[in-house]
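Quick one: the structure is below, and I'll ask about it shortly.
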Amino acid sequence: MKEPKQKILSALGYLVRQHRIEQGISQEELGLRANLDRTYISGVERGVRNPSLTALVSLASGLGISVSVLLEHLEKEANRIK
């Protein structure tokens, strides 16, 4: 079983990836829109980066959504992860 922190980071990464894929954009495109490096986007999506609040705001903005939309299903998704 994953640690609680790791479950949250994995869930966040999954949600970012889902929003990105729904929009049909690459990690590189999201990085350009969010003013973040593509490798940072990759790390977030893989659950190995713990983004700061400012990075979350940038990610949400790059996805064209609010932070609340980005985090809306975070707890449910984290609980789904074993």
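Could you check residue 45 against (1) more than 13 Å from the chain's Cα centre (by Cα); (2) modelled with pLDDT of 95 or more; (3) acidic (Asp, Glu) and say which number it fails?
Only one criterion is unmet by residue 45, namely (1).
Which pairs have Cβ atoms under 9 Å, sit 6 or more apart or on different chains, and link a residue in region 60-82 that is in contact (Cβ under 8 Å) with a residue 60 or more places away in the chain and basic (Lys, Arg) to one that is assigned to a loop (DSSP other than H, G, I, E, B) and surrounded by fewer than 13 Cβ atoms within 10 Å (Cβ to Cβ)?
Filtered contacts from region 60-82: 82/1.
Mind listing just one residue for me: the one in region 7-59 that is assigned to a loop (DSSP other than H, G, I, E, B) and touching a Ser or Thr at 6+ places or on another chain (Cβ under 8 Å) and, of those, nearest to residue 78 (Cα to Cα)?
47
Please state which of the following conditions residue 64 fails to meet, knowing it meets all the rest: (1) under 14 Å from residue 12 (Cα atoms); (2) touching a helix residue (DSSP H, G or I) at 6+ places or on another chain (Cβ under 8 Å).
Of the numbered conditions (1) under 14 Å from residue 12 (Cα atoms); (2) touching a helix residue (DSSP H, G or I) at 6+ places or on another chain (Cβ under 8 Å), the odd one out for residue 64 is (1).
Please count how many residues of region 1-51 are within 14 Å of residue 71 (Cβ to Cβ) and without any contact (Cβ under 8 Å) to a residue 12 or more places away in the chain.
Of the residues in that region, 1 qualify.
The values are calculated or read from the model by the stated rules, or taken from the named source; none is laboratory data. Quantities reported herein were computed from a predicted structural model and do not represent experimental measurements. Cβ sites come from the backbone with ideal geometry, for glycine too, and all protein chains shown count toward neighbours.
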